[in-house]
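Asks: Below is one structure. I have some questions about it.
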Amino acid sequence: MAHGISDSLITDSDAQAGKCRIPSILFACDTAPEMQTNLDTRAGNAMIHEVIVTTTSQSGVTHIAPMGIRERGELVVISPAQPSTTLENLLQTRCAAVNFTDDVRIFAGCLTGRHDWPLFAANRIAAPRLAEALAHREVELVDVEEDATRPKLLCRVLHEETHRPFHGFNRAQAAVLELAILVSRLERLPLQKIVEEMAYLLTAVEKTAGPREQRAWEWLMERITAHPSNAEQGQ
Ligand SMILES: Cc1cc2nc3c(=O)[nH]c(=O)nc-3n(C[C@H](O)[C@H](O)[C@H](O)COP(=O)(O)O)c2cc1C
């Protein structure tokens, strides 16, 4: 009997069989191509939180947009696509409010042309914060990592405040966020994929949604139904 620790059971068995001069034949039965994961395992860098970013233009016009943010040490990393109002505003005025909210109507609303959400003045920056935020951070742009499609905006937290308690996870809220992301990619994704994922997400909405989640879901559904590729499918 051969004992030892190796990379895998297979390589170990083969190596030890060889050492013990036991004839062995290896049949490679897994012919799947090598897979590379994009997972960035550096501490804290891979986790994304979906938030609402409020910014102001140089002329004082407020903009509200859902964004995924990361944390890098003490810094908040916002990655708005090129071109976008959020990117333009942040580069111009160098500040933003990062709003943590469980009101998924704001995510769905912004993606379906409903941008008019109540705001309060922030403490340290010109951009306002969402009135509905459970908590918010006021951030200042300190560095930009250039990228042709999605530059990384590194921001320092100037001020943070908690306004309301978090009441726990809700599956319908997660489902609305997933559908909102699909809707934000409506131009790029095949409609069939969206419809399939929607069918799966619907179960959580039917079982666990409150009025806000139902409304947000309806807005997103309307947007999908109205999309030209849907009309083409129906012909
Ligand atoms: C949950 C969620 C997260 C999003 N995260 C990002 C993001 O990190 N970067 C981005 O450019 N767009 C993101 N989007 C899409 C933008 O909110 C949307 O395209 C928006 O119009 C941004 O452009 P704007 O600043 O010009 O409004 C996200 C959308 C959703 C629903």
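Asks: Assess whether Leu189 counts as being surrounded by 13 or more Cβ atoms within 10 Å (Cβ to Cβ) and in the same structural domain as Asn89 (by TED's automatic domain parsing).
Replies: Working: surrounded by 13 or more Cβ atoms within 10 Å (Cβ to Cβ): yes; in the same structural domain as Asn89 (by TED's automatic domain parsing): no.
Spelling it out, it is not the case that Leu189 is surrounded by 13 or more Cβ atoms within 10 Å (Cβ to Cβ) and in the same structural domain as Asn89 (by TED's automatic domain parsing).
Asks: Mind checking which residues of the range 133-183 are β-branched (Val, Ile, Thr), in a strand (DSSP E or B) and within 16 Å of the ligand (Cβ to nearest atom)?
Replies: Val139, Val144
A quick yes/no check of all residues on (1) among the charged types (D, E, K, R); (2) in contact (Cβ under 8 Å) with a residue 12 or more places away in the chain; (3) crowded, with 17+ Cβ neighbours inside 10 Å; (4) touching a Pro at 6+ places or on another chain (Cβ under 6 Å):
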| residue | (1), (2), (3), (4) |
| --- | --- |
| Arg164 | yes, yes, no, no |
| Phe169 | no, no, no, no |
| Ala180 | no, yes, yes, no |
| Arg185 | yes, no, no, no |
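Asks: Still on this structure, I have one more. Which one of the conditions (1) within 13 Å of the ligand (Cβ to nearest atom); (2) hydrophobic (A, V, I, L, M, F, W, C); (3) touching a Ser or Thr at 6+ places or on another chain (Cβ under 8 Å) does Ala126 fail to meet, given that it meets all the rest?
Replies: (1)
Asks: Consider Met47 against the criteria (1) surrounded by fewer than 17 Cβ atoms within 10 Å (Cβ to Cβ); (2) outside any loop (DSSP other than H, G, I, E, B); (3) among the aliphatic types (A, V, I, L, M): it satisfies all of them except one. Which criterion is unmet?
Replies: Only one criterion in (1) surrounded by fewer than 17 Cβ atoms within 10 Å (Cβ to Cβ); (2) outside any loop (DSSP other than H, G, I, E, B); (3) among the aliphatic types (A, V, I, L, M) is unmet by Met47, namely (2).
Asks: Quick one: Arg212 ticks every box in (1) under 17 Å from Ala108 (Cβ atoms); (2) of a type outside the set (Phe, Trp, Tyr); (3) surrounded by fewer than 16 Cβ atoms within 10 Å (Cβ to Cβ) except a single one, so which number is it?
Replies: That leaves (3) as the condition not met.
Asks: As an exercise: evaluate Thr93 against (1) within 11 Å of the ligand (Cβ to nearest atom); (2) of a type in the set (Ser, Thr, Tyr); (3) under 26 Å from Val144 (Cβ atoms) and give the number of the one condition it does not meet.
Replies: (1)
Asks: Going residue by residue through the range 120-129, is there one that turns out to be within 19 Å of Glu50 (Cβ to Cβ) and either assigned by TED's automatic domain parsing to the domain that holds Pro80 or without any contact (Cβ under 8 Å) to a residue 12 or more places away in the chain (or both)? Outline the logic, then answer.
Replies: To start, the set of residues in the range 120-129 that are within 19 Å of Glu50 (Cβ to Cβ) comprises 127, 129.
In the following step, the residues that additionally are either assigned by TED's automatic domain parsing to the domain that holds Pro80 or without any contact (Cβ under 8 Å) to a residue 12 or more places away in the chain (or both) were identified as 127, 129.
Looking through the range 120-129, at least one residue is within 19 Å of Glu50 (Cβ to Cβ) and either assigned by TED's automatic domain parsing to the domain that holds Pro80 or without any contact (Cβ under 8 Å) to a residue 12 or more places away in the chain (or both).
Asks: Continuing with the same structure: Has the range 77-85 got any residue that is in contact (Cβ under 8 Å) with a residue 40 or more places away in the chain and farther than 23 Å from Leu134 by Cα?
Replies: Step one: filter the range 77-85 for residues in contact (Cβ under 8 Å) with a residue 40 or more places away in the chain, giving 77-82.
Remaining after also requiring farther than 23 Å from Leu134 by Cα: 81-82.
Looking for residues that are in contact (Cβ under 8 Å) with a residue 40 or more places away in the chain and farther than 23 Å from Leu134 by Cα, one finds at least one in the range 77-85, hence yes.
The values are calculated or read from the model by the stated rules, or taken from the named source; none is laboratory data. What you see is a predicted model, and the numbers here were worked out from it, not measured in a lab. Cβ sites come from the backbone with ideal geometry, for glycine too, and all protein chains shown count toward neighbours.
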